[in-house]
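All remarks here apply to the structure that follows.
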Amino acid sequence: MFNSLKKSFNSLKTRVLFSALLMIFILLPIVGLIISNAYEKHMVASLENELSAYSYSILAIIEVENNTLVMPEQLLENQFNVSQSGLYAVLTSNSTLLTQNSPLNGAQVTGKLWSSQSLLAPWQPENFKQPLLGQSLFYEAEIDNDTHFFYSLSVSFGSESQPFPMTLHIIKQQNSLTQMMTEFHHQLLLGLAGLMLVLLIIQYLWSVWTLQPLENLRNELSDVEQGNSQRLTRSYPTELTQVTEQLNLLLSAEQQQRLRYRNALSDLAHSLKTPLAVMQTQKELSALTHEQLNIINVIIEHQLRKAQSAGQSSWHLGTAAAPAAQKLINSLSKIYQEKSLIFTVNIPSNINFKGDEADLLEILGNLLDNACKAAHEKIQLEIKLSSNNLTMVIEDDGRGIAPALRDDILQRGTRADTYQHGHGIGLAIVRDLVKSYQGTMLIASSEQLKGAKFTLNFPL
């Protein structure tokens with residue numbers, strides 16, 4: 001699982017999407033928290049201003065006659081006149097005249113002077129705060145297990161010789177603010193969730209659009225590997241232009257170098273074969289010398305074929321497997337016409353050998369030729385794809401290969417002429433070609449045809 005996650009994070013698209021998710025799911029909640037706090041502070045400040053306005057409207061109608069408080073029966077704000085409306089006004093007296101030098105809660109409250117009709121319960125004002133004379137306080141307090149907002153303003157009526165100090169308390173239940181904040185939080189959560197969804201969709205589309213050139217480059221490289229294209233032809237963004245141009249130069253240079261290399265090897269083969277042919281025509285040579293010349297000729301042919309192999313080169317074109325195999329079977333059917341061999345071929349049309357066509361023909365040609373020599377009647381060829389491998393299986397109904405010789409064939413340095421009849425120099429060529437492609441070759445007995453079975457695996 002760890003390797004799977006590690007592989008996923010090697011993808012640029014995964015990294016971009018993960019970064020976007022990280023930013024969205026971290027930043028948006030923070031933004032939501034900031035908005036919520038700002039809105040709550042704004043609502044509390046608005047409530048303070050509202051209660052302050054109520055207090056001044058009530059102070060305007062207060063009268064003191066003969067050191068007695070006189071209040072009208074009805075107030076202008078109707079909520080003060082409705083029982084349990086949630087908005088209340090209370091006047092409390094103080095026996096000590098509060099001065100600017102007095103502490104905030106230094107005075108002892110003596111009792112309630114008046115309360116609005118909305119307040120039916122006989123609240124005791126012991127917990128009400130008393131601000132300094134001429135000053136106000138805005139705070140929260142619990143009454144009957146219910147939180148209320150208080151706006152308390154201390155004033156004094158009467159003359160300097162006979163002051164009438166009092167504190168006006170405007171009280172409002174917190175329920176209305178709590179309900180408003182709950183509704184706001186609900187709407188905010190819905191809005192943030194919708195915004196997250198929109199941002200995720202936009203981020204996904206943006207990442208697809210941004211990384212599309214890389215996907216195009218991957219597809220073109222896959223076409224080159226499979227032999228469907230010789231070079232990169234699409235237009236790419238400025239950041240990738242230099243890369244694609246260098247890749248095209250590398251492709252062209254590698255193909256030209258391989259062609260020059262093979263031409264040089266072909267010329268070398270002709271140069272060596274001609275002197276050998278002249279030497280072999282000499283009558284005075286002994287049988288042993290002829291035998292050694294033949295061995296030299298075979299070794300030269302083997303090594304030249306091995307050197308000409310593209311192998312696991314940096315760049316190679318893919319080769320369609322089915323047409324190449326059919327071409328070989330058509331030729332072998334004519335060569336071994338007298339044996340009336342029956343070929344069973346199972347190769348899907350979409351399978352490509354990730355390598356050079358000449359190497360594929362060399363591998364299949366040698367194995368099928370050996371199978372034709374060894375087979376009595378039937379030969380079976382199957383090429384299939386798995387998740388990580390291209391597998392080739394060649395089987396025949398001949399004598400097979402003795403278990404004692406199977407390991408020897410796969411060992412490097414084994415002489416080709418030591419193989420039993422029907423499996424000669426071709427196996428050495430196949431062995432080296434398979435190794436050059438980082439593949440493996442397994443020799444076994446065919447369960448179905450009872451002859452030899454060659455299984456080749458090439459990593460994709």
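Here, each number is a calculation from the coordinates, and none is a lab measurement. What you see is a predicted model; the values in this text were computed from it and never measured. All Cβ positions, even for glycine, are placed from backbone atoms using ideal geometry, and neighbour counts span all protein chains on display.
The stretch 231-247 to the stretch 328-348: how many Å between their Cα centroids?
The two parts, judged by their Cα centres, are 45 Å apart.
For a protection proxy built on the mean count of beta-carbon atoms within 10 angstrom, sort 394-406, 368-380, 282-294 highest first, please.
Packing order, densest peptide first, comes out as 368-380, 394-406, 282-294.
Counting other C-beta atoms within 10 Å, which of PHE454, PHE18 has the fewest, and how do the rest follow? Please report the intermediate quantities before stating the final value.
On the way: PHE454 26, PHE18 13.
The order, fewest Cβ neighbours first, is PHE18, PHE454.
On a straight-distance basis, which lysines could pair with LYS435 in a cross-link, Cα separation under 26 angstrom, same-chain partners fewer than 8 positions away excluded?
Output for LYS435: LYS306, LYS327, LYS354, LYS373, LYS384, LYS453.
What does the extension gain come out to for LYS273 and VAL64, with contour length at 0.36 nm per residue minus their alpha carbon separation? Present the calculation step by step, with values, prior to reporting the outcome.
On the way: separation 209, 0.36 × 209 = 75.24 nm, distance 13.50 nm.
Result: 61.7 nm gained on full extension.
If the cut-off is a Cα-Cα distance under 17 Å, which aspartates and glutamates reach LYS273, setting aside same-chain residues fewer than 8 apart in sequence?
Here the aspartates and glutamates satisfying the reach criterion relative to LYS273 are GLU291, GLU301.
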